[in-house]
Amino acid sequence: MGKCELSHADMKLENAGDKGLNFGSRADVQTCAYWGAPIIWDGMFNPEVYDRTHKRDHTSVALTVFAVGRYLDVYLKDFLLSAERHFMVGFPVTYYVFTDVPEKIPALKLASGRELKSMPVKRHSRWQDVSMMRMRSISDAIDSHIHHNHPYVFCMDVDQVFAGRFGTEALGESVGLLHAHFYHSFKRLRTYDRNPESQAYMADSEGDFYYHAAVFGGSWQRVKHITDTCYRTIMEDKNNSVEALWHDESHLNKYFWQHKPSKLLSPEYCWDNSIGYRSDIHITRLLWQEKQYKRLRGTGS
Ligand code: 5GW
Ligand code: MN
């Protein structure tokens, strides 16, 4: 455990408040990545210490979420209501809702200091494009709005609900989330893109963690770099008529392989209840909603 704290300091990966992390409090899981970044599990931190540090720093957070087409009707309200109860409670938060149907955004009374901005986006006919255009739109919103107001940004899928504290302990310079389906699996089973034609290609010898694109974040500067880089590699693929295995997620995994995140979130921060009981999941802070692909995408996949 001392080793993690040491290399952590050496590598200047420090995120506000991380000094008090207890890396030894969870003997059942890996709490530190080999490059020194903490992996946040329940029990490792004192929430009050983080909140105090971030109150002192007047931290505010932008949360970007896409609710295009029927995803708005099905998921947005529950996502926002649950975020009001669990996401960065007590801190200023602006929800940036990217949608093609702004008139359908539910009118919710938000806690003081919190607001919602609707951001217009076009509807794309191919679903792969919806998912990939997010990178471009987030980058544009950082330029036009976010960088004036918010040191930190989180970017999330809308098809999930908060179920427990998702607080300031999750903030960092660049933050990736361990995918609930792969955090235990052998490396060779992690579904990186293996097509050498794709910019997201990773060789068999490459890869460490597998990150879930449903949650990523960091300082606005780093999120700008993440989204710009992923958008560029996605467009290069497009020009070469290739598409990475898991679309934007493959590109995000390549990015985090090349630019290690300063903080990793355990799957407690985005759990899929259909996996069933796991003794190392002590709390579920964000939960996958049921997939309704047939209904939402009008296709079978
Ligand atoms: C539509 C058809 C296929 C795939 C995605 C969409 C879609 C995604 C959409 O029509 N509207 C929309 O707002 N999205 C946004 O992209 C949502 O925020 C959604 O959570 C996110 C990623 O798409 P998901 O959640 O369907 O992808 P997976 O990887 O969770 O299955
Ligand atoms: Mn999703």
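Give the residue, chosen from Ala141, Ala180, Ala203, that is over 23 Å from Lys263 (Cα atoms) and open to solvent by less than 20 Å² (accessible area, probe 1.4 Å). Walk me through it before giving the result.
On the way: Ala180 fails: over 23 Å from Lys263 (Cα atoms); Ala203 fails: open to solvent by less than 20 Å² (accessible area, probe 1.4 Å).
Step by step, each of Ala141, Ala180, Ala203 is checked, and only Ala141 is over 23 Å from Lys263 (Cα atoms) and open to solvent by less than 20 Å² (accessible area, probe 1.4 Å).
Can you find a residue that is hydrophobic (A, V, I, L, M, F, W, C) and within 16 Å of ligand 1 (Cβ to nearest atom) anywhere in segment 253-268? Reasoning before the result, please.
So in segment 253-268, the residues hydrophobic (A, V, I, L, M, F, W, C) come out as 256-257, 264-265.
In the following step, the residues that additionally are within 16 Å of ligand 1 (Cβ to nearest atom) were identified as none.
Checked segment 253-268: no residue is hydrophobic (A, V, I, L, M, F, W, C) and within 16 Å of ligand 1 (Cβ to nearest atom).
The conditions of being among the hydrophobic types (A, V, I, L, M, F, W, C), within 16 Å of ligand 2 (Cβ to nearest atom) and free of Cβ contacts under 8 Å to residues at least 60 places away in the same chain are not met by Phe162.
Being within 16 Å of ligand 1 (Cβ to nearest atom), under 21 Å from the mean Cα position of the chain (by Cα) and buried (at least 21 other Cβ atoms within 10 Å of the Cβ) narrows it down to one of Val61, Val65, Val74, so name that one.
Working: Val61 fails: within 16 Å of ligand 1 (Cβ to nearest atom); Val74 fails: buried (at least 21 other Cβ atoms within 10 Å of the Cβ).
So the residue among Val61, Val65, Val74 that is within 16 Å of ligand 1 (Cβ to nearest atom), under 21 Å from the mean Cα position of the chain (by Cα) and buried (at least 21 other Cβ atoms within 10 Å of the Cβ) is Val65.
In segment 15-52, of all residues being of a type in the set (D, E, K, R) and open to solvent by less than 30 Å² (accessible area, probe 1.4 Å), the one that is nearest to His86 (Cα to Cα) corresponds to Asp18. Within the set Pro102, Pro106, the sole residue that is modelled with pLDDT of 95 or more, farther than 30 Å from Arg52 by Cα, surrounded by fewer than 16 Cβ atoms within 10 Å (Cβ to Cβ) and touching a strand residue (DSSP E or B) at 6+ places or on another chain (Cβ under 8 Å) turns out to be Pro102. Being farther than 23 Å from Asp42 by Cβ, acidic (Asp, Glu) and surrounded by 20 or more Cβ atoms within 10 Å (Cβ to Cβ) is true for just one of Glu249, Glu197, Glu268. Which residue is that? So the residue among Glu249, Glu197, Glu268 that is farther than 23 Å from Asp42 by Cβ, acidic (Asp, Glu) and surrounded by 20 or more Cβ atoms within 10 Å (Cβ to Cβ) is Glu249.
Scan segment 87-98 residue by residue and report those that are without any contact (Cβ under 8 Å) to a residue 60 or more places away in the chain and touching a strand residue (DSSP E or B) at 6+ places or on another chain (Cβ under 6 Å). Show your work before the answer.
Our first condition is that a residue be without any contact (Cβ under 8 Å) to a residue 60 or more places away in the chain; within segment 87-98, this holds for 90, 92-98.
Within segment 87-98, Val93, Thr94, Tyr95, Tyr96, Val97, Phe98 qualify.
The criterion of being within 16 Å of ligand 1 (Cβ to nearest atom), of a type in the set (A, V, I, L, M, F, W, C) and open to solvent by 30 Å² or more (accessible area, probe 1.4 Å) holds for Ile275. Taking the criterion of being in a strand (DSSP E or B) and not hydroxyl-bearing (Ser, Thr, Tyr), the residues of segment 89-114 that qualify are Val93, Val97, Phe98, Arg114.
The values are calculated or read from the model by the stated rules, or taken from the named source; none is laboratory data. All values derive from a computational prediction rather than experimental measurement. Note that each Cβ is placed from the backbone with ideal geometry, even for glycine, and that neighbours are counted across all protein chains shown. Each accessible area value is taken on the protein alone, full model and side chains, heavy atoms only, with ligands, DNA and RNA left out. Shrake-Rupley method; radii C 1.70, N 1.55, O 1.52, S 1.80 Å.
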